[in-house]
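The values are calculated or read from the model by the stated rules, or taken from the named source; none is laboratory data. Predicted model only: the values in this text are computed from it and were never measured. Glycine also receives a Cβ, built like all others from the backbone with ideal geometry; neighbour counts cover every protein chain displayed.
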Amino acid sequence: MLKKNVSEQNKSNQSVPQHIAIIMDGNGRWAQARGKKRVMGHKAGMERAREMAEVCGELGVKYLTLFAFSSENWNRPKDEVSFLMELFATSLNNESKKLNKNNVKLTIVGDKDGFDSKLRKAIDKAEALTANNNGLYLQIAANYGGRWDIVQAAQALAVKGREITEQALQSELVTADGSEPDLLIRTGGEQRISNFLLWQAAYSELYFSDRLWPDFDGDALKGAIADFNQRQRRFGKTGEQVASESH
Ligand code: FPP
């Protein structure tokens, strides 16, 4: 990826979704199928996450939001949670320079107060380093829950004494610029949202893949995008209305 404004680069290419969100499911099963410990699946999953950011940058996707750890994932075995926290901290430290070089703006979206000081420091450092970039906006959802996000947005409005409107609430969500995923992908064969971007996904096109996350490569992503391009997005209107608007 070169250091240039990705949306500029992609002005001629209307068929790439602006915002892709992914529920990266299936790491544990991927590892177990290979006789490895579940955490090895997370390690392989991390590699895929990196590849996905690269492919999205090349394609000119503006926002990529990856669900790395849900508010409910703390209930997993202690060893697995510790491994994931360590993996996040190490990856942030190892990857942030390269992300910066590639003009990626990295943000961690979620309740950061739940992390220990070592991870918080790694997050702050990586976010500060990449804060002024304007290529791919890579949002890692960690200690994130869609219900938590809506509640924290409502609380922020209450503290400011602001009227609760859809627009005002959306502006307080933790995802950047109130951006909503055009395409929401879930790997691993399950077909549910699992408390991911509940508000933001109101009109997302959903795409479910049976592939386990470590097997979901760049071609699989392009397949999902091709499927997305077959869909007619109506946003509550009729098919005829949408067709006449596009002429
Ligand atoms: C779900 O698979 C995956 C997770 C809970 C963790 C996701 C983490 C990564 C992909 C690595 C870190 C990535 C970044 C971007 C920091 P699962 O364990 O529920 O799989 P299973 O359904 O097969 O058990």
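Points worth noting:
- Among the residues making up segment 157-188, those that are farther than 30 Å from Lys101 by Cβ and either assigned to a helix (DSSP H, G or I) or touching a Gly at 6+ places or on another chain (Cβ under 8 Å) (or both) are Leu157, Ala158, Val159, Lys160, Glu166, Gln167, Ala168, Leu169, Gln170, Ser171, Gly188.
- Residue in segment 211-236 that is nearest to Leu66 (Cα to Cα), counting only those that are polar (S, T, N, Q) and part of a helix (DSSP H, G or I): Asn229
- Qualifying positions in segment 132-156 - assigned to a helix (DSSP H, G or I) and among the small types (Gly, Ala, Ser): Gly146, Ala153, Ala154, Ala156
- Count - residues of segment 129-149 that are buried (at least 16 other Cβ atoms within 10 Å of the Cβ) and either acidic (Asp, Glu) or farther than 11 Å from Leu99 by Cα (or both): 10
- Within the set Leu59, Leu92, the sole residue that is at pLDDT 95 or above, away from the ligand (no atom under 12 Å from the Cβ) and among the aliphatic types (A, V, I, L, M) turns out to be Leu59.
- Test for Ser7: is it buried (at least 18 other Cβ atoms within 10 Å of the Cβ), modelled with pLDDT under 95, away from the ligand (no atom under 11 Å from the Cβ) and under 19 Å from Thr107 (Cβ atoms): no
- Of residues in segment 152-202 being within 30 Å of Gln32 (Cα to Cα) and more than 15 Å from the chain's Cα centre (by Cα), the one surrounded by the most Cβ atoms within 10 Å (Cβ to Cβ): Gly188
- Flag if His42 is surrounded by 19 or more Cβ atoms within 10 Å (Cβ to Cβ), within 9 Å of the ligand (Cβ to nearest atom), under 21 Å from Arg192 (Cα atoms) and touching a residue at least 24 places away in the same chain (Cβ under 8 Å): yes
- Among the residues listed as Lys118, Lys98, the single one being at pLDDT below 95, out of contact with any strand residue (DSSP E or B) (no Cβ under 7 Å at 6 or more places or on another chain) and farther than 21 Å from Leu198 by Cβ: Lys118
- If only residues of segment 203-213 that are in contact (Cβ under 8 Å) with a residue 60 or more places away in the chain and over 16 Å from the mean Cα position of the chain (by Cα) are counted, the one that is farthest from Gly41 (Cα to Cα) is Arg211.
- Test for Gly218: is it surrounded by 13 or more Cβ atoms within 10 Å (Cβ to Cβ) and closer than 25 Å to Lys43 by Cβ: yes
- Residues that are closer than 18 Å to Tyr63 by Cβ and in a loop (DSSP other than H, G, I, E, B), drawn from segment 194-210: Phe196, Leu197, Leu198, Trp199, Gln200, Ala201, Ala202, Tyr203, Ser204
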